[in-house]
Amino acid sequence: RSKMDGRGTWRFFEPAMDTSLQTRRALEIDLREAMDKDEFDLFYQPIYDLRMDRISGFEALLRWRHPERGMVPPDQFIPVAEEIGLITPLGEWVLNRACAQAASWPNELKIAVNVSATQFRDPRLAAVIAKALDTSALAPHRLELEITESVLLGNSAETIATLHELKARGLRIALDDFGTGYSSLSYLRSFPFDKLKIDQSFVRDVTATKGSKLIVRAITSLGKSLGMTTTAEGVETIEQLNQMKAEGCNEAQGYLFSRPVPATELASTILSLRNGLKSLKRSDWANL
Ligand code: C2E
Ligand code: MG
Ligand code: MG
Ligand code: MG
C-alpha cells in the first residue's frame, strides 16, 4: 500500500509498518535458533490451596532470554511460534523440562503446563506426553495440562477423544482463562474438566464491581456442582483473596503469593510464602 508522506512524496510502505514487519522477521529468525542456543527457561508460580492452606503445586511459565532484547514475554513469541510451526518442538521441550524438574519435588506438589491450541491438535501429543512422563518417572496424576477454550473451538470429536485419552492415563485437565472465550458453558457439557481457572480480569475487579463479583460467584458454584476445582488467577491483593475465598473459590494464584520464579528459587519461595502467610495479621485471615 502506498501513502503520501509529510513532504509530499509517495512511499510504498508506511515506516511503522515496515519496522514492525522487520521486527517480526527478526523475531522469527531468532526464535528458530533460540532452542539450539539454549535461551529458553521455565519459571514457576505457586498455586495455593485455600482449603488445605498450603501450596498444591506450580504452574510452569515459559521465558525467553533474548541476548539483545532481554526477556521476551510469552504473549509476544508463542503466537509467532504457533504460526511458524515451532510450537510443537517448543511445547515438547516445555513438557520434558517441566516433568523432569517436578519429579525432584515433594510428591504432593503438582506441575501445571500450558498447552497451546496448535500443540494440542498435534496427533503426536499423547505420545510426547507419555515419553515425558516415562523419562522423568513423574506420576501422571501430578501433571496437569492447562488448555484454553480456543482448543475446543469447533468442538471436534478428535479433541474430545484426546482429552479423554489423557484423562484415562491419569492426567488432570484445567480450562485456563475461563470466562473469556466463546460459549464457555457448552464446553463444560462436552468434557469433565478437573479445574476451571477463573480469568484474572474477573479477579482484578472482584472487589470493585458487582458484575465481576456475580460472575465469580456463578463460576465457583458451577464448578462446585460439576465437581471441578476453581482457581483464582492473578490475585494481587488480600482483599481480592478474601473475596475469592468468600465466593467459594478453592485455589488462588497471583503476585500476592509470588511472581513466577526460576527453578533455583523454588525452595526459598515456598519458605518465604510460609513465613509471609504466618506474619499476616489475624484480621487479614479472618475469612480464610
Ligand atoms: P496463563 O497461562 O493464563 O498464565 C498466567 C499469566 O499471568 C502469566 O503470564 C503470569 O506471569 C501472569 N500472572 C500471574 N499472577 C499474576 C498477577 O497477580 N497479576 C498479573 N498482572 N499477572 C499475573 P506470562 O508468564 O507472561 O504468560 C502469559 C501466557 O503465555 C500464559 O497465560 C499462557 O497462556 C502462555 N504461556 C506461558 N508459558 C507457556 C508455555 O509453556 N506454553 C504455552 N503454550 N503457553 C504458555
Ligand atoms: Mg495457564
Ligand atoms: Mg490464565
Ligand atoms: Mg492467559
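Brief remarks follow.
- Percent accessible area from carbon and sulfur atoms, the chain, protein chains only, probe 1.4 Å: 53
- Debye, to nearest 20: dipole size of the chain, +1 on Lys, Arg Cβ, -1 on Asp, Glu Cβ: 660
- When the chain is described by a simple charge dipole with +1 on each Lys and Arg Cβ and -1 on each Asp and Glu Cβ, the residue from LEU273, LEU171, SER104 located farthest towards its positive end is LEU273.
- Each stretch of four or more DSSP H residues adds -39500 (n - 2.57); spread over every residue of the chain, this sum gives -13500 deg cm²/dmol at 222 nm.
- Projecting label points 7 angstrom from Cα along Cα→Cβ for ARG69 and THR264 puts them 2.5 nm apart.
- In terms of distances greater than 30 angstrom between alpha carbons, the cross-link table entries LYS131/LYS195; LYS213/LYS278; LYS37/LYS167; LYS110/LYS245; LYS167/LYS278 yield LYS37/LYS167; LYS167/LYS278.
- Sparse-neighbour loop sites [GluC sites (Glu not before Pro); segment 53-83; at most 14 other C-beta within 10 Å; DSSP]: GLU68
- Shape class of segment 132-288 from the Cα gyration tensor (axes a ≥ b ≥ c, square roots of the eigenvalues): oblate, since a/c reaches 1.5 or more and a/b does not exceed b/c.
- Model label zone, ASN107; criterion: amide N under 20 Å from point 7 Å along Cα-to-beta-carbon; scope segment 114-141: 133-141
- In the chain, the longest principal axis of the Cα atoms and the axis of helix 125-136 are about 60 degrees apart.
- Proximal aspartates and glutamates to LYS224, defined as alpha-carbon separation beneath 18 angstrom and excluding residues fewer than eight positions away on the same chain: ASP49, ASP176, ASP177, ASP194, ASP199, GLU233, GLU247, GLU251
- Vicinal HN-Hα couplings computed from phi for segment 159-164 (Karplus, 6.51 cos²θ - 1.76 cosθ + 1.60; Hz; Gly/Pro x): 4, 5, 5, 4, 4, 5
The values are calculated or read from the model by the stated rules, or taken from the named source; none is laboratory data. Predicted model, so just to flag it, every value in this text is computed and none were measured. As a convention, Cβ positions derive from the backbone with ideal geometry for all residues, glycine included, and neighbour counts pool all protein chains shown. Just the protein is used for accessible areas: all its heavy atoms, side chains included, with ligands, DNA and RNA removed. Shrake-Rupley method; radii C 1.70, N 1.55, O 1.52, S 1.80 Å.
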